[in-house]
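Colleague: Dropping a structure here in structure tokens format, bear with me for questions.
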Amino acid sequence: MKRHTGQDRSVTRNWHPATQAVRGGTARSEYGETSEAIFLTSGYAYDSAGQAAGRFAGTETGMTYSRLQNPTVQMLEERLCLMEGAEAGRATCTGMAAMSAALMSHLSAGDHLVAGRALFGSCRVLVDTILPKFGIETTIVDGRDTEAWARARRPNTKAFFLETPANPTLDVCDIAAISDIGHDAGALVVIDNAFASPILQQPLKLGADVVCYSATKHIDGQGRVLAGAVLGSAQWINDIYLAYTRHTGPVLSAFNAWLLLKSLETLDLRVRRMVDNAHAVASFLEGRVPVTLYPGLPSHPQHDLAMRQMSGGGTIVTLHVEDRVQAHALLDALEIIDICNNLGDSRSLMTHCASTTHASVSPTVREEMGITEGLLRLSVGLEDPRDLIADLTQALKRAGL
Ligand SMILES: *Cc1c(COP(=O)(O)O)cnc(C)c1O
């Protein structure tokens with residue numbers, strides 16, 4: 001009997017998540033390699049002119065061009081779909097390519113989008129500046145206020161877009177309730193799930209329609225490559241998303257897809273350990289700085305909701321100190337934790353959002369988003385939490401806290 005490699009969805013969807021993360025989507029070549037092969041090829045040669053014509057006509061299955069299909073990228077896409085419980089999905093070259101393609105493919109001039117206030121800086125620019133340039137109306141709401149989503153609906157509302165927990169304020173939005181409101185309005189509900197990762201939160205199972213990732217974050221999680229993904233129903237991916245991306249081409253390279261296949265094998269182990277470490281660090285910071293926000297601590301204003309829809313408090317801790325001067329002093333005093341605006345990495349990283357990730361949004365918008373001059377975002381990695389706490393202890397002291 002042929003051993004199962006991981007391609008047949010009727011079998012693999014019944015596997016447990018850990019098995020899917022290691023074996024899902026595997027398509028072995030005739031050499032029987034254990035680790036997935038990297039197909040660094042842009043094109044595919046055909047046996048005959050008739051076969052080429054058949055593939056273009058869609059009457060024959062097979063690959064035609066790596067903007068459209070690639071065996072290594074497909075293995076990654078299938079594995080991500082299994083882990084998320086999605087019917088279909090596509091990998092992209094960056095997280096922003098995923099977010100922009102998901103929204104641009106679905107929306108047209110004259111449509112209306114409602115988005116949560118707290119978004120990754122570039123997502124906010126997409127909603128506030130880029131989509132309106134193409135005649136798409138946008139409304140920003142406080143995503144934590146479920147009723148605000150209902151009030152913002154208009155007859156032409158076609159999509160809801162939100163991030164939860166949100167960057168960097170860790171606002172938590174009620175995915176199930178907001179999805180119901182969106183569906184009542186006929187809107188597609190799109191979730192940026194980069195902060196939680198598929199390990200802690202699965203928005204499609206809570207009622208959302210489309211989930212987008214910056215795979216640069218927890219999925220690679222080792223600071224190597226930029227990548228993204230868009231996952232949803234087969235109908236939406238095939239008819240809406242691909243109608244746009246086939247011809248705009250925001251695809252992932254085979255090499256980067258291969259790296260992410262390796263990353264997915266350890267995603268669960270990494271994220272769960274990072275959550276434990278983040279919990280320890282947040283507990284240490286609480287009471288030592290003016291404000292500590294961590295969805296896994298009872299002091300977080302939406303702790304109950306976070307724990308209902310996530311299986312852990314996340315890997316990010318946000319803290320507020322007095323002002324920019326004190327925030328910069330704390331960063332400059334760190335010896336282990338890097339000053340870095342990436343997140344979800346095996347290395348702990350801290351950034352001052354107002355002068356880095358959210359420097360391109362106006363001070364007024366930053367204030368509306370809750371990004372104060374003293375806000376620092378700490379992404380907790382895989383180091384021993386005792387060393388991280390020791391580093392924070394000495395840095396707080398040197399920064400006069
Ligand atoms: C990083 C990030 C993005 C953008 O992803 P890139 O891979 O940097 O393009 C979008 N949303 C969130 C929440 C992010 O953290």
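Colleague: Looking at region 117-160, which of its residues are farther than 19 Å from Ala101 by Cβ and within 18 Å of the chain's Cα centre (by Cα)?
Modeller: Result: Arg117, Ala118, Gly143.
Colleague: If you scan region 190-210, which residues turn out to be within 16 Å of the ligand (Cβ to nearest atom) and of a type in the set (A, V, I, L, M)?
Modeller: Val190, Ile191, Ala194, Ala196, Ile199, Leu200, Ala208, Val210 - these are the residues of region 190-210 that are within 16 Å of the ligand (Cβ to nearest atom) and of a type in the set (A, V, I, L, M).
Colleague: Only one of Arg272, Arg246, Arg288 is over 29 Å from Gln74 (Cβ atoms), of a type outside the set (Gly, Ala, Ser) and surrounded by fewer than 22 Cβ atoms within 10 Å (Cβ to Cβ). Can you tell me which?
Modeller: Residue meeting the stated conditions: Arg288.
Colleague: Return yes when Ala45 is within 16 Å of Leu264 (Cα to Cα), assigned to a loop (DSSP other than H, G, I, E, B) and hydrophobic (A, V, I, L, M, F, W, C) and no when it is not.
Modeller: It is false that Ala45 is within 16 Å of Leu264 (Cα to Cα), assigned to a loop (DSSP other than H, G, I, E, B) and hydrophobic (A, V, I, L, M, F, W, C).
Colleague: Please go through region 306-331 and give me each residue that is touching a residue at least 60 places away in the same chain (Cβ under 8 Å) and either in a loop (DSSP other than H, G, I, E, B) or acidic (Asp, Glu) (or both), ordered by number.
Modeller: The answer is Met310, Ser311, Gly312, Gly314, Thr315, Val321.
Colleague: Still on this model: How many residues, within region 161-182, are within 16 Å of the ligand (Cβ to nearest atom) and either over 19 Å from Pro203 (Cα atoms) or not aliphatic (A, V, I, L, M) (or both)?
Modeller: Counting residues in region 161-182 that are within 16 Å of the ligand (Cβ to nearest atom) and either over 19 Å from Pro203 (Cα atoms) or not aliphatic (A, V, I, L, M) (or both) gives 9.
Colleague: Which ones in region 211-239 are over 18 Å from Thr315 (Cβ atoms), surrounded by fewer than 22 Cβ atoms within 10 Å (Cβ to Cβ) and more than 12 Å from the ligand (Cβ to nearest atom)?
Modeller: Ser233, Ala234, Gln235, Trp236, Asn238, Asp239
Colleague: Working carefully through the options Ser311, Ser360, Ser348, find the one that is at pLDDT 95 or above, hydroxyl-bearing (Ser, Thr, Tyr), surrounded by fewer than 20 Cβ atoms within 10 Å (Cβ to Cβ) and in contact with a helix residue (DSSP H, G or I) (Cβ under 9 Å, 6 or more places away or on another chain).
Modeller: Ser311
Colleague: Go through region 102-123 and give me each residue that's part of a helix (DSSP H, G or I) and buried (at least 24 other Cβ atoms within 10 Å of the Cβ).
Modeller: Ala102, Leu103, Cys123, listed by residue number.
Colleague: Next question. Residues in region 253-262: is at least one of a type in the set (Ser, Thr, Tyr), within 16 Å of the ligand (Cβ to nearest atom) and assigned to a loop (DSSP other than H, G, I, E, B)?
Modeller: Scanning region 253-262 turns up at least one residue that is of a type in the set (Ser, Thr, Tyr), within 16 Å of the ligand (Cβ to nearest atom) and assigned to a loop (DSSP other than H, G, I, E, B).
Colleague: Can you tell me which of Arg23, Arg90, Arg79, Arg13 is touching a residue at least 12 places away in the same chain (Cβ under 8 Å), touching a His at 6+ places or on another chain (Cβ under 9 Å) and within 22 Å of Ser263 (Cα to Cα)? Write out each step before concluding.
Modeller: Details: Arg90 fails: touching a His at 6+ places or on another chain (Cβ under 9 Å); Arg79 fails: touching a His at 6+ places or on another chain (Cβ under 9 Å); Arg13 fails: touching a His at 6+ places or on another chain (Cβ under 9 Å).
Checking each option against the conditions leaves just Arg23.
Colleague: Still on this structure, please answer the following. Listed residues Val281, Val271; which is more than 16 Å from the ligand (Cβ to nearest atom), outside any strand (DSSP E or B), in the same structural domain as Thr372 (by TED's automatic domain parsing) and of a type in the set (Val, Ile, Thr)?
Modeller: Testing whether each residue is more than 16 Å from the ligand (Cβ to nearest atom), outside any strand (DSSP E or B), in the same structural domain as Thr372 (by TED's automatic domain parsing) and of a type in the set (Val, Ile, Thr) leaves just Val281.
Colleague: Only one of Leu319, Leu388 is touching a Leu at 6+ places or on another chain (Cβ under 8 Å), surrounded by 20 or more Cβ atoms within 10 Å (Cβ to Cβ) and not assigned by TED's automatic domain parsing to the domain that holds Ala196. Can you tell me which?
Modeller: Going through Leu319, Leu388 in turn, the sole match is Leu319.
Colleague: Scan region 364-381 for residues that are in contact with a helix residue (DSSP H, G or I) (Cβ under 8 Å, 6 or more places away or on another chain) and either assigned to a helix (DSSP H, G or I) or among the aliphatic types (A, V, I, L, M) (or both) and jot them down.
Modeller: Val365, Arg366, Met369, Ile371, Leu375, Leu376, Leu378, Val380
Colleague: Can you pull out every residue in region 209-241 that is touching a Phe, Trp or Tyr at 6+ places or on another chain (Cβ under 9 Å) and part of a loop (DSSP other than H, G, I, E, B)?
Modeller: Scanning region 209-241 gives Asp209, Val225, Ala227.
The rows are residues; the columns are (1) of a type outside the set (S, T, N, Q); (2) away from the ligand (no atom under 16 Å from the Cβ); (3) in contact with a Phe, Trp or Tyr (Cβ under 7 Å, 6 or more places away or on another chain).
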site	(1), (2), (3)
Ala91	yes, no, no
Ala97	yes, no, no
Gly110	yes, yes, no
Trp149	yes, yes, yes
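Colleague: Can you pull out every residue in region 58-91 that is in contact with an Asp or Glu (Cβ under 8 Å, 6 or more places away or on another chain) and among the β-branched types (Val, Ile, Thr)?
Modeller: Once the filter is applied, which keeps residues that are in contact with an Asp or Glu (Cβ under 8 Å, 6 or more places away or on another chain) and among the β-branched types (Val, Ile, Thr), region 58-91 yields only Thr72.
Colleague: Within region 7-19, can you find the residues that are of a type outside the set (Lys, Arg), assigned to a loop (DSSP other than H, G, I, E, B) and over 16 Å from Leu267 (Cβ atoms)?
Modeller: The answer is Gln7, Asp8, Asn14.
The values are calculated or read from the model by the stated rules, or taken from the named source; none is laboratory data. Small disclaimer: the values here were computed from a predicted structure and weren't measured. Virtual Cβ from ideal backbone geometry, glycine too; neighbours counted across all protein chains shown.
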